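Take a look at the structure set out below.
What follows is calculated from the coordinates using simple rules that are stated; it is not laboratory data. Small disclaimer: the values here were computed from a predicted structure and weren't measured. Note that each Cβ is placed from the backbone with ideal geometry, even for glycine, and that neighbours are counted across all protein chains shown.
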Amino acid sequence: MLRLTRYFRTAAIALLMPTLALPGLALAASAESGTAVEQQTRAGWHQAIGRGYQALPVKASCQLLVQVATHVVDNSQQLVADWSEFKPHYLATDNYTHATIRAAMTALEVAEERRLATPMGLRGNGKRSAYAADAWRSGSSLASIGASVDGLQQYFLPGLEKLLTNQGDSDLAERIHKQFGEVQEHFPAMDLALAPLLEDDNAFRSLQGLYVDLSQLTTLVNGEAATSLGVIRGFNSSDGD
């Protein structure tokens, strides 16, 4: 992961510096050692920069993207493998249940507050801004929130329902199940970018409806379910000072 981080940083600097008319800094920033392909790619950048080009050659850009994508795939596969090895230990820990519930609580809170309320202008300076959303450049902000909700519904909800039912709170389990359905049913088309929905008042109403549904789900899980199961909410990165 450290190597991937370094490579992203180096690539970003090398891409930006020629545009800023600072080829010398770009040359120095990309002097990091790497694979033979990476070194060859950087040599192409240096030659292009030396000739005063303002953009990477097509071939070098392609090689850069292939290298970065390969690193992402390798790290993702390694992460899956590491988690598979760690799974038995994680399941055997005493705080497995509460830690899992708290993780889901944080995911809901972040989706509600940081990923939806903030770009909607419901937090902070009160101004709508697609730039405050994650994945705004690719237009995938809603799709990423939807994927988080899908994951919670598919992998977290069944276990939560079982715990609540065993606790004698089958009614609460049913309400949470129903609320997940409400969020999914009223979700704006996930193939839409967030920006147009923020700019049009009529379209904005669909986001307001989604926010209400997600807020109600967060209240049910983070409030009522956590209390019923005796889960104490800890501090996380969403908390203030």
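Worth a mention:
- The ranking of Thr165, Thr100 from fewest to most other beta carbons within 10 Å of each one's beta carbon is Thr165, Thr100.
- Taking amide H atoms as placed 1.01 Å from N in the peptide plane, the amide H of Ala133 has no partner under 5 Å among residues 5 or more positions away or on other chains.
- Computed from backbone phi with θ = phi - 60° and the Karplus coefficients 6.51, -1.76 and 1.60, the 3J(HN,Hα) list for segment 173-185 is 4, 5, 5, 5, 4, 5, 5, 4, x, 5, 4, 5, 5 Hz; x is used for glycine and proline.
- Neighbourhood net charge (13 Å Cβ-Cβ; Lys/Arg +1, Asp/Glu -1) for Tyr96: +1
- Table column - 3J(HN,Hα) (Hz), segment 62-68, Karplus curve with 6.51, -1.76, 1.60, x for Gly and Pro: 5, 4, 4, 5, 5, 5, 4
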